[in-house]
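Note sheet for the following structure.
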């Protein structure tokens, strides 16, 4: 879908990388390895995005790190568009808002770090979640998204004690859960 609007596939990958999870920081070599593209094409796109004000760079040692400019005037709009393209908005609307006793929802895996993927990995946190109902919502959302959703349901204790996410992006959280998380820190 974005390919019709933005003709550079590298630019699309960079926008997804930095604007889906805006806490992401990367350097050129890491992006070359991740995208499997030439360093020159990635460097040119990074420079264009930086000159346009969408990205900011800082030097850390001998590496130039890039990250999203959250003060960019259209940051929220770009973030929203990318969430719609990936399907995060539909997950929030069709799944998280429909589940009783849900305290938090996280994206994990590739999409959490801004890599487009045909598989959406979702972690739902809450006590007493109805597995069958969640599965029916997942199937419904998958038909709309044309993507597979792998869902993991965890209790609060399992989340805190046992489960370690390598990559994680919070997409939904109740106020009570947010407060209880802060008290555990």
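Values quoted throughout were computed directly from the atomic coordinates according to the rules given, and no laboratory measurement underlies them. These figures come from a predicted structure and were not determined experimentally. Cβ atoms come from the backbone with ideal geometry, glycine included; neighbour counts cover every protein chain shown.
Structure notes:
- Helix 39-51 axis, angle to the chain major axis (alpha carbon atoms, nearest 10°): 80
- Using a simple spin-label model with pseudo-atoms 7 Å out from Cα toward Cβ, residue 152 and residue 43 lie 3.8 nm apart.
- Percent RCO, i.e. relative contact order, over the stretch 2-68, from Cα pairs under 8 Å lying at least 6 residues apart: 34
- Placing a label point 7 Å from the Cα of residue 168 along the Cα-to-Cβ direction, the residues of the stretch 6-35 with a backbone N closer than 17 Å are 21-24.
- Label-reachable residues, the stretch 52-93, where backbone N falls under 16 Å from a point 7 Å from residue 5's Cα toward its Cβ: 54, 73-90
- Note on residue 119/residue 32: beta-carbon distance plugged into 1/(1 + (r/R0)^6) with R0 of 25 Å gives a FRET efficiency of 0.60.
- When each of 110, 76 is scored by the number of other beta-carbon atoms lying within 10 Å, the sequence from fewest to most is 76, 110.
- Sorted by Cβ density within 10 Å, fewest first, the residues 116, 130, 103: 130, 116, 103
- Structural descriptor for the stretch 61-139: relative contact order 25 percent, calculated from alpha carbon pairs under 8 angstrom and at least 6 residues apart.
- Sorted from greatest to least, the principal axis extents spanned by the alpha carbons of the chain come out as 51, 39, 30 Å.
- On Cα atoms only, tilt of 75-86 relative to the major axis of the chain in degrees: 60
- Within the stretch 87-183, percent of DSSP bridges classed antiparallel, to nearest 5: 60
- Antiparallel bridge percentage (DSSP; both residues within the chain; nearest 5): 75
- Here the calculated FRET efficiency for residue 98 and residue 58, from their Cβ-Cβ distance with R0 = 35 Å, stands at 0.25, rounded to the nearest 0.05.
- Sorted by Cβ neighbour density within 10 Å, fewest at the top, the residues 39, 146: 146, 39
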